[in-house]
1. Using Cα pairs under 8 angstrom and six or more residues apart, how large is the relative contact order of region B:249-307, in percent?
2. Evaluate peptide B:263-276: per residue, the Cβ atoms of other protein chains within 10 Å of its Cβ; return the mean as an integer.
3. Report Rg (one decimal) and Dmax (nearest whole number) for region B:295-347, counting Cα atoms only, units Å.
4. Using a Förster distance of 45 Å, how high is the FRET efficiency between B:ARG73 and B:GLU364, based on the Cβ-Cβ distance and rounded to 0.05?
5. Given contacts defined as C-alpha pairs under 8 Å and at least six residues apart, what's the relative contact order of chain A, whole-number percent?
6. Run the quick spin-label model on A:ARG39 and B:THR228: label points 7 Å from Cα toward the beta carbon, then report their separation in nm to one decimal.
7. Given springs between every Cα pair under 10 Å in a Gaussian network model of chain A, which of A:HIS256, A:HIS150, A:HIS119 has the largest fluctuation?
8. Hey, which of these cross-link pairs are over 22 Å Cα-Cα: A:LYS64/B:LYS86; A:LYS130/A:LYS293; B:LYS78/B:LYS284; B:LYS86/B:LYS284; A:LYS64/B:LYS243; A:LYS64/A:LYS293?
Amino acid sequence: MAGGATDRMETSVTGTTAAGVSIRRFRFSVTDEDLVELRRRIGSTRWPDRETVSDRTQGAQLAKLRPLMEYWGALYDWRKVEAKLNSWPQFITEIDGLEIQFAHIRSPHGEAMPMLMTHGWPGSIIELLKVIEPLTNPTAHGAAAADAFHLVLPTLPGYGYSGKPTSTGWNPARIARAFHSLMLRLGYPRYVSQGGDWGAIISEVLAQQSPEGLLAIHVNMPGTVPEDILRHLRVFDPAPAELSEQEKVAYDRLLHFYRDGFGYAAMMNQSPQTIGYALADSPIAMAAYYYDKFAEWSDSGGEPEQVFRYDEMLDAISLYWLTNSGASSSRSYWEAAQAGGGPFDAVDIPDVPVAVTVFPAEIYPAPRIWAERAFGNLMYWHEVDRGGHFAAWEQPELFSEELRAAFKSLRWG
Amino acid sequence: MNDKSSGQASTLTKQEIRPFRINIAEGDLADLQRRIGATRLPTKELVADRSQGVQLATIQALARYWSTDYDWRKCEAKLNALPQFKTEIDGLDVHFIHVKSQHKNAMPLIMTHGWPGSVIELLETIGPLTDPTAHEGAAEDAFHVVLPSLPGYGFSGQPIEVGWDLGRTARAWAELMNRLGYTRYVAQGGDVGAGVTDAMGRQAPEGLIGIHTNLLVPALGGTMPTNTDEERAAAAQIATFQKSGEGYFIEMATRPQTIGYALLDSPVALAAWMADHDTDAYYKIARAFVEGQPSGNLTRDHILDNITLYWLTGTGATTARSYWEAYGPDAPAARQQPLPPPTIPFAFTTFPGEIWRTPRTWVEASYPNVIYFHEVDKGGHFAAWEEPELLSSELRAAFRSLR
């Protein structure tokens, strides 16, 4: 496809778009005091006794969190990831009354395809850092120049250094509209959108809105679960007998999610402020709450240490801590919950092409038959053999290959 | 805390009942104050009501009072003025208050608190129940009162193995009453205490002659009839709770350890978690702190006595685990067949502010031998705490026919 217009503003400097909207350069820079205070709190952690089981069925295990916290309080260095974040062009611009922080990385390849990529919870731009290079600079990663993307990586409202909304209404539909505005503001009238977790939901909602210029979406956590299946799930029925083997596998994983693993979402859907006090005041509270999901949702057999280094998990957690966004990010669940429904409910997308990669350890492995019912134009479907919910973070090379393959048919020439 | 057991070491036996006094170290209180003072708060909720959880203004007022006027030592003195004991049952130390009535024919009563409660929520019923003649009752209304702390709560032991579900606690309570020499007694409870009391009724240990609850346990799990307006209203209240207020319940039933870290490390996290129980109780607690307008006995000091007890005993995780044991899909109890409903006499009081307003028909659909039903005009989920005189008069009336 044609790359972004060549007369677009140079985004490596602060500037103003043709419409007169300001885009400011941004640098991640926390104060030394904040880092000292974080270490002080970690050092004064008051611990519970260990769980009474030998597995994860009561939550994040004491023996896993103790060394993680010790590392966080003694050896972990936030400044490293801060430097890494600042090595990419970072910006802030106000959209719909809220400051939106984003990274914008132009590929050296002029014909690159613009792609909006949105992170999830408990994630941030940090979970996308490892795919920036392979996606923007494919020739250095065993792919062709024609595979290149220009990347726009916005931070969700209430997360990281984006603004914290002070009134209700920042639901996925509003976020999708804001991110579309961002793409236009950056001079990308034609682009694709990608995401997992909230990023998948934002991309799907965007596809439902189908603004002019949105060429296609790719999601790695598709919303495909049909209403008749949801009815069984809501009352924790066993898998209906008429389901195929693949559907049964998906059903059982969904049942596990809704029966055993839904507490965090119920809490944030219903009472984000209540859990917010814990996430604002206690590093161990926050680490446990997020580690629980790293363990549950990564392709690691419940041992996230197998796929993430301590530094990686702590980068992710520290960004939430240092921006005090535990409560404000939890509110994104409340906002979405006001409309009812769940994160995997089938999203009806009649026209916009949808590409899906199914990573095996995703919360549920979507069966193709469900996706075909939900998405009128399923342009790409691939079930890969490794990776979980945090696909871009866990398997950056495979994830990048998937995006190249998924969108290949949309490119010109 | 010191376990001031007065027994001689050489005569200690597992059956022994040891006197117990609370004596929190000054350093623990100073650490609590330091933590409250260092609280980092989130930004304010985006709504003007409880619909996003505990409001910032409530927590700010609570933390302010906690760090200025509140005095744990008063609560400690109040508890230590009561006869407190510990005894080991089924491998676990059980803490309990045991107050005998002056009246000889008093009826022995074991009352069980709930979550997020403790023996603190029952303290003001001791006077009316054990000394009715000083509280508008008659001598023949008197009870001997036994108030145990649930396993993992307060000064009871913290289980280090799975299996302390409602049924096991119920069996321990029967053993406790047996150990105290009570051969004919009744049991009462709300919230988790209702769950334990209900389980005691189903187990029907020798000597248990009747039970009273102020929360209809079978409505938590089963489907209740919705034929009348009253029934439909109650079902709608349950549905509202499930849609807007049961996040804490699901989290504790499935991830008690995960949330436990927060409840051990942050006083404000603990206070918020405990204040978020149900809509009626939340607004009463909020009014007590923000407007200085307590509802009944649910005063600022009493609310903080209870929260501080959880903090000082470090029981945030272990109390959460009691939900995992009772309601969690992965707990051993989830695989057990439930016992049939109790055939012993059952009594129930509906308090109007409870999560759902239980109709008589639901009580009769749940228990075959209902000897008492009454709907009173005030009080909510924490009935004994909020309206101790009223709950006491309900218990007198409920059990009168069994004397």
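1. Values: 35 pairs, mean separation 11.4, N = 59.
Across region B:249-307, relative contact order equals 19 percent.
2. 6
3. Considering region B:295-347 through its Cα atoms, Rg and Dmax are 16.9, 42 Å.
4. On the way: r = 47 Å, r/R0 = 1.05.
Efficiency at R0 = 45 Å is approximately 0.40.
5. 19
6. Distance between label points: 6.7 nm.
7. Of the options given, A:HIS256 has the highest mean-square fluctuation.
8. Over 22 Å Cα-Cα: A:LYS64/B:LYS86; B:LYS78/B:LYS284; B:LYS86/B:LYS284; A:LYS64/B:LYS243.
Bear in mind that the values in this text are calculations on the coordinates, not laboratory data. Note that this is a predicted model, so its numbers are computed, not measured. Note that we place each Cβ from the backbone using ideal geometry, even for glycine, and neighbour counts take in every protein chain shown.
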